[in-house]
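This report concerns only the one structure given below.
The values are calculated or read from the model by the stated rules, or taken from the named source; none is laboratory data. Just so you know, these numbers come straight off a predicted model, no measurement behind them. We place every Cβ from the backbone using ideal geometry, glycine too, and count neighbours over all the protein chains shown. The protein model used for the area step is the full one, side chains on, heavy atoms only, and it has no ligands, DNA or RNA in it. Shrake-Rupley method; radii C 1.70, N 1.55, O 1.52, S 1.80 Å.
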Amino acid sequence: MRITEIREKTVSIASPIANAFIDFSKMTCSVVAVVTDQMRDGKPIVGFGFNSNGRYGQGALMRERFIPRLMEADPETLIDREHDNLDPFAIWKTMMTNEKPGGHGERSVAIGTIDMAVWDAVAKIADKPLYRLLADRYRGGEADDSVWVYAAGGYYHPGKEIEGLKDEMRSYRDRGYTVCKMKIGLLPLGEDLKRVEAALAVLGDGQNLCVDANGRFDLQTAIAYAKALEPYDLYWYEEAGDPLDYALQAELADHYSGRMATGENLFSMQDARNLIRHGGMRPDRDILQFDCALSYGLVEYMRTLDMLKENGWSSRRVVPHGGHQMSLNIAAGLHLGGNESYPDVFQPFGGFADATEVSDSRVGLPNVPGVGFEAKAALYALFQRELLD
């Protein structure tokens, strides 16, 4: 059993939308295929992966360091004998050979993308959906039958403005989402509050709306928004300040009694641990949004979950960023609190299998081996076109 080839390609996910910090007019991502020598229906089993939005394609790092290390390794060192399968932990260790600790930067995204493809291949070789494989190996066989999800959108979009935002929120409600998220921080506070009120005019109760500042605010501005937002009783107030400014996050907790969320831009167990130690996050209410596709993959993600347990945090407080099928499998298989969903943006990567139905902000998972990419036609066609043709 061996990996015979790893292919990567950079593809565009450009869009005219913007959040408080960046626009997506030139956004790219990496797609990866891990080809194995295992056969099914006369064809090699192939695992696919990609990185979540917000970080650009990582092809150079893959080509120069991580793919060569795997292809030069003794194939016998990459096998999980207990399960007669590839060993994602050994593969991860091989990719990280001769990498210094700390300074995680963009390499966590490159490794996370390959790691996704490895787990897709592992679950396909086992002939199981990934969430079922994870539950069987790490949660005593108990998987969640459905996962809570929220619709992420509400970006600043030239020409759509207030009425466009209301139409967007209405479309999510019509598709079964009760909780939705929108962006704040690009406009002055007064203008953002008009947008919040417009969204609430559609969604109703404040617990149906999350807001996300994408790390834009300094402490003074973060507190000003906290005081202005608190009366709305929103579902959460997300990533007010720089993701590594733990002091800001801790201070903010003294000014906002509602639920806060952050963590999507922390890319290692160590950074996540620093948030828990120093960021003032409250395990009885706050949400952690670490994204495996950006943070060294599922191997590192399980270390992060172990760290949270040791520090008194329930895995149910974890709701991953990314809005894609990989995080959905992890949520169901490892008992997380839910998952982001991108019904419209960042297609074809955002969202779930084509037949997935949303009811009261909950979804089930298809009975498809691997992550389930083959059940999302546009995404699978992209993988075929860019990586296999």
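Some points to look at:
- From the options D344, D360, D286, residue that is farther than 30 Å from S257 by Cα, among the acidic types (D, E) and in contact (Cβ under 8 Å) with a residue 24 or more places away in the chain: D344
- Residue match in region 24-32 (condition: open to solvent by 10 Å² or more (accessible area, probe 1.4 Å), in contact (Cβ under 8 Å) with a residue 40 or more places away in the chain and not aliphatic (A, V, I, L, M)): no
- Answer residue from region 56-77, given it is at pLDDT 95 or above and open to solvent by 80 Å² or more (accessible area, probe 1.4 Å) and is nearest to V32 (Cα to Cα) among those: R63
- For beta carbons closer than 7 Å, sequence separation of 6+ or different chains, a first residue in region 179-193 that is on the phi > 0 side of the Ramachandran plot and a second that is aromatic (F, W, Y) and assigned to a loop (DSSP other than H, G, I, E, B), the qualifying pairs are G185/F217.
- Enumeration of residues in region 241-259 that are among the aliphatic types (A, V, I, L, M) and out of contact with any Lys or Arg (no Cβ under 8 Å at 6 or more places or on another chain): L244, A247, L248, A250, L252
- Of the residues screened, V358 is not one that is under 21 Å from V31 (Cβ atoms), surrounded by fewer than 24 Cβ atoms within 10 Å (Cβ to Cβ) and out of contact with any Leu (no Cβ under 8 Å at 6 or more places or on another chain).
- Number of the condition not met by A332 [criteria: (1) among the aliphatic types (A, V, I, L, M); (2) open to solvent by less than 10 Å² (accessible area, probe 1.4 Å); (3) over 16 Å from the mean Cα position of the chain (by Cα)]: (3)
- Some residue of region 243-261 being within 13 Å of P320 (Cα to Cα) and touching a residue at least 60 places away in the same chain (Cβ under 8 Å): no
- Failed item, numbered, when Y296 is tested on (1) in contact with a Cys (Cβ under 6 Å, 6 or more places away or on another chain); (2) in contact (Cβ under 8 Å) with a residue 40 or more places away in the chain: (1)
- Yes/no for G141 being open to solvent by 20 Å² or more (accessible area, probe 1.4 Å), under 24 Å from A272 (Cβ atoms) and not polar (S, T, N, Q): no
- The set of residues in region 78-110 being open to solvent by 40 Å² or more (accessible area, probe 1.4 Å) and charged (D, E, K, R) consists of R81, E82, D84, K93, K100, E106.
- Residue in region 70-92 that is of a type in the set (K, R) and either within 12 Å of S30 (Cα to Cα) or outside any loop (DSSP other than H, G, I, E, B) (or both) present: no
- Within the option set E300, E310, E340, being surrounded by fewer than 18 Cβ atoms within 10 Å (Cβ to Cβ) and not aliphatic (A, V, I, L, M) holds for one residue only, E310.
- Which numbered condition A247 misses (of (1) open to solvent by less than 20 Å² (accessible area, probe 1.4 Å); (2) more than 18 Å from Y155 (Cα to Cα)): (1)
- Taken over region 367-389, residues that are crowded, with 19+ Cβ neighbours inside 10 Å and not aliphatic (A, V, I, L, M) amount to 6.
- Residues located in region 262-274, provided they are surrounded by fewer than 22 Cβ atoms within 10 Å (Cβ to Cβ), closer than 27 Å to V118 by Cβ and of a type outside the set (G, A, S): N265, M269, Q270, D271, R273
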